[in-house]
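Below: one structure, written as structure tokens.
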Amino acid sequence: MTVFQAAKVYAGYGETGEGRALCERAWEFAESVPALNHDREVAVHVYDAGWDHRRPLDPMYLTGAFFLAVEEYGPGSAWVPYLMRELYWYFQEISDCDEFGSLKKRDEDRELAEDVRQVAMAALGGFPRGTSHPERCQRSDVAGYAAQFLYLAGDDLCRHALQEWLAGPVSGYESGTALVNFLLRLEAYGPARAAAERTLQTVEADPDSTGAEKASVLLDVAFGIAMAPDEPGLESLPELEKQIGALAHGPFTEGQAHVLQEKLYRYVIQRLDEGGEGQPARLAMFGRLLFNPFTEGSTWTQGS
């Protein structure tokens, strides 16, 4: 177990070579000892280490670890949200995996579709709801992962999981942004705007939130208003744009800058498509955002 933990530490620090070597040593040892072949606790760590270090990535390591962890530690185990989060990020990196039943449409993913459906159902049925705010947040996160897995697996029960996700608290930037993005994918613009506004409240209340996170959520709110407008919302847009522009200088990582510029393009193009504003108004908007899609370069670049 110590070797597995050391391998995970190496992975966390990006030392993939050392971590991979430790992972393989631990894997060979576990396979060489017959008693360990039937030890679920060891197997969970073996699969988790395989996910961290073996390439190409194989999501079956995560689903295998999930079912073993539920058997060994119960459906309320901390392994449940952890493994679901890893699986969620795996799907975020796959192209053409953002439609209802995406996994069922590809022959090579049909087994995975059934596995993630079972993961979602086991989590929804067994992970405790809790009563404290942190417990309710964790349950809401689990419901969110489950909703997205069921959606990709083409199961209509994703609607029930989504309702629970919507009704639960927003635990932080990551879960709130995931909810907004999922609702936008469904073209549910009113709920997406409401979710973005709730996420902004959570991020603003978090002393550890970053400027990049706040800018991202402010852009989600502004885009939500543009897609589901009302008079108070439209009147608030100039002030929101000023707040967004005030964060333009970062610092951001390269990845954060890329995401923020995509959101800026999305918002600006939507506003321009609405029409009804003359050139002075458009230039004023660009000035507030410190972003002009028609000029080369941008203030919104990687900072230091």
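General observations
- Nonlocal amide H pairs with S171, under 5 Å, H built at 1.01 Å: G176
- In sequence order, calculated HN-Hα J values of segment 212-225 (Karplus, 6.51, -1.76, 1.60; Hz; x Gly/Pro): 5, 5, 5, 4, 4, 6, 4, 5, 5, 5, 4, 5, x, 5
- Residues in segment 70-155 average 48 Å² of solvent-accessible surface per residue, probe 1.4 Å, ligands and nucleic acids excluded.
- Across segment 231-286, the volume of the C-alpha convex hull divided among the residues equals 86 Å³ per residue.
- Dipole size of segment 178-242 about its Cα centre, with +1 on Lys/Arg Cβ and -1 on Asp/Glu Cβ: approximately 200 debye, rounded to the nearest 20.
- Diffusion constant of segment 62-108 at 4 °C, which comes from Stokes-Einstein with the Kirkwood Cα-pair radius and 1.567 mPa s, µm²/s: 108
- Here each label is just a point 7 Å from Cα along the line to Cβ, and for H258 and Q270 those points are 2.2 nm apart.
- Phi angles across segment 106-112 convert, under the Karplus curve 6.51 cos²θ - 1.76 cosθ + 1.60 with θ = phi - 60°, into 3J(HN,Hα) values of 10, 4, 6, 10, 5, 5, 4 Hz, Gly and Pro given as x.
- As a calculated quantity, the FRET efficiency between E174 and A228 at R0 = 35 Å, using C-beta atoms, amounts to about 0.90.
- Sites matching GluC sites (Glu not before Pro) across segment 79-157 that sit in DSSP coil, with at most 10 neighbouring C-beta atoms within 10 Å: E93
- Per-residue ³J(HN,Hα) for segment 192-198, Karplus 6.51 cos²θ - 1.76 cosθ + 1.60, θ = phi - 60°, Hz, x for Gly and Pro: 5, 4, 4, 5, 5, 5, 5
- Theoretical FRET efficiency, 1/(1+(r/R0)^6), r = Cβ-Cβ of E108 and H160, R0 25 Å, to 0.05: 0.30
The values are calculated or read from the model by the stated rules, or taken from the named source; none is laboratory data. Owing to the predicted nature of the structure, the values given are computational and were not obtained by experimental measurement. We place every Cβ from the backbone using ideal geometry, glycine too, and count neighbours over all the protein chains shown. Keep in mind that these areas ignore ligands, DNA and RNA; they rest on the heavy atoms of the full protein, side chains included. Shrake-Rupley method; radii C 1.70, N 1.55, O 1.52, S 1.80 Å.
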